[in-house]
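The structure appears right after this line, and notes come after that.
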Amino acid sequence: MASARKRGSRWTGLYRDSSGKQKSAGSFSTKEEALARAQVAELDANPPATEVVYARERRGKVTVAGYAPGWLDDQELLEANSVEIARSALKRIVPHLGGMARDEVSPDDVRRMLAALKRSGLSDGTVSRTLDVARQLLPRAATDGVRYRIKERRRMTIATREQAAVIAASIDARYSLLVRTAFTTGARWGELIALRGLDVEERGAGYVLKIRRTVEEVGTTVTERGYGKSARSTRDISVPEALALELMAYGTC
């Protein structure tokens, strides 16, 4: 906060810059003058954050920024993770195209946006997801020959049998069953933590783990939902008898 300090017969205006370091705004004959100059200097060094407001219409046509909120509301029927992806993508799309009339955005406008996003340091995956959302938001502009090539996809690292054995042997006993089930079945994290003992059933001469539900994390919110598109959707994975019996004994709720 700006202040004034008397030094001898004069007053020095003091303010803090954007890094928090105290600096002098000069020496003045009165306290009021020193304080006023310090306040101006502090405001110059720490300008207030401004929020860009985009017009909802342009020449009688709805803009991208004006159309986006209603479009996002219509996505609420999708899975929570898909909605969050769309919301994040809009934060990247609107600063580039928000002020343009939606039906006047051209494929070249979308290409320029993608190039700018890439130059800003965003990953190929993030830029590609932004284009996926733009294709839904701006179907004519974003589907007319607009492509984004991912130069190098991130490769999934899969543990070898030897590595899996080392991990299983060194893991805390509380997580042993979880880790062994993950290595044996290849189930995803969300599927694993949603398992119940009743999801294991004997079938013929062996045992099957039925993936019936999954847990989805969006930010700090964790929700459980059915595995597939319908309430009856499941994914069956054959499991060894020893693991099946241990899973069945783990819980029946």
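Select from segment 42-85 the residues that are β-branched (Val, Ile, Thr) and touching an Asp or Glu at 6+ places or on another chain (Cβ under 7 Å) and write down the one among them that is modelled with the highest pLDDT.
Top of the filtered list is Thr63.
For segment 10-40, give me each residue that is touching a residue at least 12 places away in the same chain (Cβ under 8 Å) and loosely packed, with under 11 Cβ neighbours inside 10 Å.
Ser18, Ser29
Is there any pair with a first residue in segment 41-69 that is among the aromatic types (Phe, Trp, Tyr) and a second that is surrounded by 11 or more Cβ atoms within 10 Å (Cβ to Cβ) and at pLDDT 85 or above whose Cβ atoms are under 7 Å apart and which are 6 or more apart or on different chains, and what are they?
These pairs meet every condition: Tyr54/Thr63; Tyr54/Ala65; Tyr54/Val94; Tyr54/Gly98; Tyr54/Gly99; Tyr67/Arg102.
Give the residues of segment 36-67 that are among the aliphatic types (A, V, I, L, M) and out of contact with any helix residue (DSSP H, G or I) (no Cβ under 8 Å at 6 or more places or on another chain), sorted by residue number.
Ala36, Ala38, Val40, Ala41, Leu43, Ala45, Ala49, Val53 - these are the residues of segment 36-67 that are among the aliphatic types (A, V, I, L, M) and out of contact with any helix residue (DSSP H, G or I) (no Cβ under 8 Å at 6 or more places or on another chain).
Those residues that are hydroxyl-bearing (Ser, Thr, Tyr) and over 22 Å from Glu162 (Cα atoms), I need them from segment 178-227; list them, please.
At the first step, the residues of segment 178-227 found to be hydroxyl-bearing (Ser, Thr, Tyr) are 181, 184-185, 207, 214, 220-221, 223, 227.
Tyr207, Thr214, Thr220, Thr221, Thr223, Tyr227, listed by residue number.
State which residue is modelled with the lowest pLDDT when the search covers only segment 86-137 and only residues that are more than 22 Å from Asp74 (Cα to Cα), hydrophobic (A, V, I, L, M, F, W, C) and surrounded by 15 or more Cβ atoms within 10 Å (Cβ to Cβ).
Looking at the filtered set, the residue picked out is Leu122.
Looking at (1) out of contact with any helix residue (DSSP H, G or I) (no Cβ under 6 Å at 6 or more places or on another chain); (2) among the aromatic types (Phe, Trp, Tyr); (3) at pLDDT 90 or above, find the lone condition where Trp189 falls short.
(3)
The values are calculated or read from the model by the stated rules, or taken from the named source; none is laboratory data. Here the structure is a predicted model, which is why all the values come from computation and not from measurement. Heads up, the Cβs are rebuilt from the backbone with ideal geometry, glycines too, and the neighbour counts pull from every protein chain shown.
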